[in-house]
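Participant: First the structure, which I've put down as structure tokens, then a few questions once you've had a look.
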Amino acid sequence: YTMGFSNDFTWKNFSLSSLFDYRRGGYAVDLTGLYVDPVQILEDTTMSNARFGNYLNGYAAYVEPAGFVKLRELSLTYTLPRSLVSSLIGGGDHTLRLQVSGRNLATWTKYKGIDPETNLTASQFQPQRIAYFNNPQTRSIVVSIGLNR
């Protein structure tokens, strides 16, 4: 199953918003690991050799649990006092917000590949959870200033 948990906290002129995603169950196939383990390009060749040896002996060594918790969104906003904004801009009833936002900031998972939400075909309608040199979801941090007149 999949679920999300969001929060909005406000204290004085500060506002903090967050969104966590949680997925329990499911498996992903790490074909990237199957490709790189035999050529020993990873830092831990002992682990790579053991995993590839298990695969050769018939074990599903590259099928891993794909459950996770992700910090999907985090946003901190500060709204300047109206009196300060009025003196800076020269009158009027304005609001000025300073905001820092982040997306895909952290992932907690037992999956050893890059991203447990991986999808070889990039189709959102048929999630296959097969990793083959896929890129993880983009992490971004944005700083913004908003003025309301």
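Participant: How many residues are within 23 Å of the chain's Cα centre (by Cα), without any contact (Cβ under 8 Å) to a residue 60 or more places away in the chain and not in a loop (DSSP other than H, G, I, E, B) if we restrict to the stretch 18-59?
Facilitator: 5
Participant: Is it the case that G4 is in contact (Cβ under 8 Å) with a residue 40 or more places away in the chain, in a strand (DSSP E or B) and open to solvent by less than 70 Å² (accessible area, probe 1.4 Å)?
Facilitator: Values: in contact (Cβ under 8 Å) with a residue 40 or more places away in the chain: yes; in a strand (DSSP E or B): yes; open to solvent by less than 70 Å² (accessible area, probe 1.4 Å): yes.
Yes.
Participant: A further question follows. What number of residues within the stretch 76-104 are in a strand (DSSP E or B), in contact with an Asp or Glu (Cβ under 9 Å, 6 or more places away or on another chain) and open to solvent by less than 50 Å² (accessible area, probe 1.4 Å)?
Facilitator: Qualifying residue count, the stretch 76-104: 3.
Participant: From the list D37, D44, pick out the single residue that is acidic (D, E), open to solvent by less than 40 Å² (accessible area, probe 1.4 Å) and at pLDDT below 80.
Facilitator: On the way: D44 fails: open to solvent by less than 40 Å² (accessible area, probe 1.4 Å).
Answer to the check: D37.
Participant: Moving on. So, in the stretch 107-149, how many residues would count as being modelled with pLDDT of 75 or more, open to solvent by 60 Å² or more (accessible area, probe 1.4 Å) and more than 23 Å from V29 (Cβ to Cβ)?
Facilitator: Number of matching residues: 7.
Participant: Okay, moving on. For the stretch 51-62, state whether one or more residues are over 30 Å from R149 (Cβ atoms), among the charged types (D, E, K, R) and in contact with a Gly (Cβ under 9 Å, 6 or more places away or on another chain). If you could, list the steps in order and put the result at the bottom.
Facilitator: Keep residues of the stretch 51-62 that are over 30 Å from R149 (Cβ atoms), which gives 51-62.
With the extra rule that they be among the charged types (D, E, K, R), the set shrinks to 51.
Next, only the ones that are in contact with a Gly (Cβ under 9 Å, 6 or more places away or on another chain) stay: 51.
So far as the stretch 51-62 goes, yes, one or more of its residues are over 30 Å from R149 (Cβ atoms), among the charged types (D, E, K, R) and in contact with a Gly (Cβ under 9 Å, 6 or more places away or on another chain).
The values are calculated or read from the model by the stated rules, or taken from the named source; none is laboratory data. All figures in this text were calculated on a predicted structure; none of them were measured in a lab. Please note: Cβ atoms are built from the backbone with ideal geometry, for glycine as well, and neighbour counts cover all protein chains shown. We work out accessible area using only protein heavy atoms, side chains counted, and drop any ligands, DNA or RNA first. Shrake-Rupley method; radii C 1.70, N 1.55, O 1.52, S 1.80 Å.
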